Structures are given as structure tokens and as C-alpha cells.
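Take a look at the structure below.
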Amino acid sequence: MSEVANTFKSRIFHDLDFDKPGKQTGYLRVPQSREGGAWSVIEVPIAVINGGNGPAVLFTGGVHGDEYEGQIAISRLARQLDPASVRGKIIMLPAVDLPAALAGRRMCPIDGRDFNRCMPGDAHGSFCQMLAHFIETTIMPQVEVSVDVHAAGNSMEAALCSIMHRVDDPKIIERTQALAENFAAPYNVLFWGVDEGGTVAASAERNGALSISTEIGGYGRVRPDAVRIAERGLDNVLKWMEMIDGNPDTAQPDGGRTKQMQVRDQKSYLFAPSDGLFEPRFLPEQQIQTGELAGYLHFIDEWAREPQPIEFQIDGYIWMAPGSGRVKKGDVMAVIMQDFV
Ligand SMILES: [Zn+2]
């Protein structure tokens, strides 16, 4: 009798042993046949630091290739951390969507996908889908905490923050807010998102791990203060989980603590009513009010058409400030956060 192939088996291979003590740096090898490379692989960097008994965490960066602070902070941590000082296991993927990271782009240049819409993935799918399936089925089940470092990308800038989903269990919300307070970005935003089922955060939640992501930075550059927030945040999380010695440093420039915020629903999003050139009248963190002018939508190809004033629909503070210039109907022109209640 012929054997039936296991349709759920990953096609990704590697030479890591996730339970072996010490530090291992290597690659997840994702098969990618192409013209001129029949048996080629894409080598995605991965580090595992295992210091014996203790919890397990996953740190991911470069899920979007145009977001750089996490790529820097996580690869530096992987190089510098001494396994002898660690209790438990730290799995680090500093550039998850490596082809996108090398291209400085949001979408993967190999399959055209947004990696953060691909979870739980598909063992038989494209590059992103294969890798998403591996993370969902092999890595996420190992960890208790997942921190996915994003930085808003080429088209937006964020009020520097950690972010989390509104999950059903209030106890998990409380524990996640505690995790975020110890990561200690200036803001933590519990948010309603436009398309969240396929994200790394959603995968962590499905696998029962505490999950935060971040939005530190934006406009496709590297912010020095955001790199510091990422580095301190990852270090803080390890301290909070007693995986390394020391107490988390949660101090903020204003002397306070991380501000707990929320993005309640779709009213918090300002969508473009038509194609045009958007001139925003705001910056991240700025306080705004319902009816206040958000900016003008210009139609530069039509002399006869006046710019269209755009107004905010709710009170709050600017969370995401898009500045891409040209917008298409349905693109986000602003996202508003409010105090968490
Ligand atoms: Zn991102």
C-alpha cells in the first residue's frame, strides 16, 4: 500500500535543536525553486538561546520589511546575550520576512504577500505562507510570551507604542497590559484592527501565549529613540519574566508610566472618501476633537475643484499619522486613540 503524504508537514528545514542548552544561531531554510536555482532556499535568520529551566519567549522583527527598529534591536540582542545569564528559552527572528527586509518593503517581493496577513499559513503555500505555517505550528506552541516589533512602515508614523488586541478574557487583557507596562513604550494601545486574523499576534493568542506587538517609528526610517525603546523593552520583558537578573526600567520622559490607550472601533479610523492628495494638519500624539479639521484632500488634476476639507469624527489623540501623500479611496488618513476605560 502506498503511503499518503502528510499534507501538514512543513517543507522548511533547519539544524537547530530548540531544547539544546546554549546559544544557536542559524537559518530556517525555506525552499524556493526559481530559474537558475532548482534546489534554492531562502535562509531566514533565527537564534535560540536556551539557559535551562524557565519560561520561553518569542521576539520577532522584520515581519514588515520597511520597519527597521525591531530588526536592529533583536539581532543585536541575539548577538550580545550570554546564554549563561538566561533562565528559560528565547527564540529570536530579527527579520521574519527576509526578502521584504532586504528590499525595505512592506510586501514580500517573492509572493507579493503581507506576511502579517498570512498566519496560520499553509505548508504547501507560497514563501510567506510556508514560513507562517512553521511559526504557527512549530514555534508558537513553545512560548508563553510573544513580542512582535513593528514600526508603522513607509506610509505611516505612530505615537510610539506597544499594541494589543481586545481578547474575550479580562484576565488576559490585564496580564497583557502588565506585559506592556513592563515593555514600557510611552503608550500601550488596545486596538480594534482592520484585518487582524492573520497576524503574528493572532497566532500567539490562538496558541495561548501572551502577545504584544509594537508600532515604534514610521515613514520607513530608523528613529534613534525607537531603537532605544525596543532594546529597553525586550530587556525589560526578560527581567519581568525573571529570565535574566534585574528590574525592568519603566521610566518615561515625563516621569509617569506607560499610558494605557484604546482604539475602540472603525469610527477611530479616518478613511479617504475618494482618491486624492492628502494634506494632513496633525502629528502623532496631538490631541484632537470631533469636527476639527484633519486636513484637505486635493485634486491637483482639476482646477475647478476645491480641496475637500476632512474632519475628525471622534475626540482623542493621533495614534497613526499617515503621510504618504497620494491616497486612494478607502486608505487610512488617520487613526485616533482614546484613554483606556
Ligand atoms: Zn508592521
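The values are calculated or read from the model by the stated rules, or taken from the named source; none is laboratory data. Since the model is a prediction, treat every value here as computed from it, not as a measurement. Cβ placement follows ideal geometry from the backbone for every residue including glycine, while neighbour counts extend to all protein chains displayed. Surface areas here come from the heavy atoms of the whole protein model, side chains and all, with no ligands, DNA or RNA. Shrake-Rupley method; radii C 1.70, N 1.55, O 1.52, S 1.80 Å.
Observations on the structure shown:
- Counting only residues that are more than 13 Å from the ligand (Cβ to nearest atom) and surrounded by 22 or more Cβ atoms within 10 Å (Cβ to Cβ), the range 143-161 holds 6 of them.
- Qualifying residues in the range 63-83 (those that are within 20 Å of Leu238 (Cβ to Cβ) and small (Gly, Ala, Ser)) - the one surrounded by the fewest Cβ atoms within 10 Å (Cβ to Cβ): Ser75
- Restricting the range 8-33 to residues that are of a type in the set (D, E, K, R) and at pLDDT 95 or above, the residue that is surrounded by the most Cβ atoms within 10 Å (Cβ to Cβ) is Lys23.
- Flag if Asp114 is within 16 Å of the ligand (Cβ to nearest atom) and open to solvent by less than 10 Å² (accessible area, probe 1.4 Å): no
Per-residue answers, yes or no, for (1) among the β-branched types (Val, Ile, Thr); (2) open to solvent by 50 Å² or more (accessible area, probe 1.4 Å):
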{"residue": "Asn188", "(1), (2)": "no, no"}
{"residue": "Thr199", "(1), (2)": "yes, no"}
{"residue": "Gly217", "(1), (2)": "no, no"}
{"residue": "Trp240", "(1), (2)": "no, yes"}
{"residue": "Met243", "(1), (2)": "no, no"}
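- Qualifying residue in the range 328-336 (condition: in contact with a helix residue (DSSP H, G or I) (Cβ under 7 Å, 6 or more places away or on another chain), in a strand (DSSP E or B) and either closer than 23 Å to Ala151 by Cβ or at pLDDT 95 or above (or both)): yes
- Candidates Met140, Met119, Met92 - the one that is away from the ligand (no atom under 16 Å from the Cβ), more than 16 Å from Ala230 (Cα to Cα), touching a helix residue (DSSP H, G or I) at 6+ places or on another chain (Cβ under 6 Å) and modelled with pLDDT of 95 or more: Met140
- Index of the failed condition, Glu205 passing every other in (1) free of Cβ contacts under 8 Å to residues at least 12 places away in the same chain; (2) within 20 Å of the chain's Cα centre (by Cα); (3) under 30 Å from Asn53 (Cα atoms): (1)
- Test: residue in the range 254-275 that is of a type in the set (Gly, Ala, Ser), open to solvent by 60 Å² or more (accessible area, probe 1.4 Å) and touching a Ser or Thr at 6+ places or on another chain (Cβ under 9 Å): no
- Residues that are exposed (fewer than 15 other Cβ atoms within 10 Å of the Cβ) and closer than 14 Å to Ile336 by Cα within the range 282-312 comprise Leu283, Gln286, Gln287, Gln289, Thr290, Gly291, Glu292, Leu293, Glu311, listed in sequence order.
- Residue match in the range 50-59 (condition: at positive phi and surrounded by fewer than 21 Cβ atoms within 10 Å (Cβ to Cβ)): yes
- Residue in the range 84-100 that is out of contact with any strand residue (DSSP E or B) (no Cβ under 8 Å at 6 or more places or on another chain) and crowded, with 24+ Cβ neighbours inside 10 Å present: yes
- Hits in the range 162-173 (condition: open to solvent by 10 Å² or more (accessible area, probe 1.4 Å) and either more than 21 Å from Ile336 (Cα to Cα) or hydroxyl-bearing (Ser, Thr, Tyr) (or both)): Asp168, Asp169, Pro170, Lys171, Ile172
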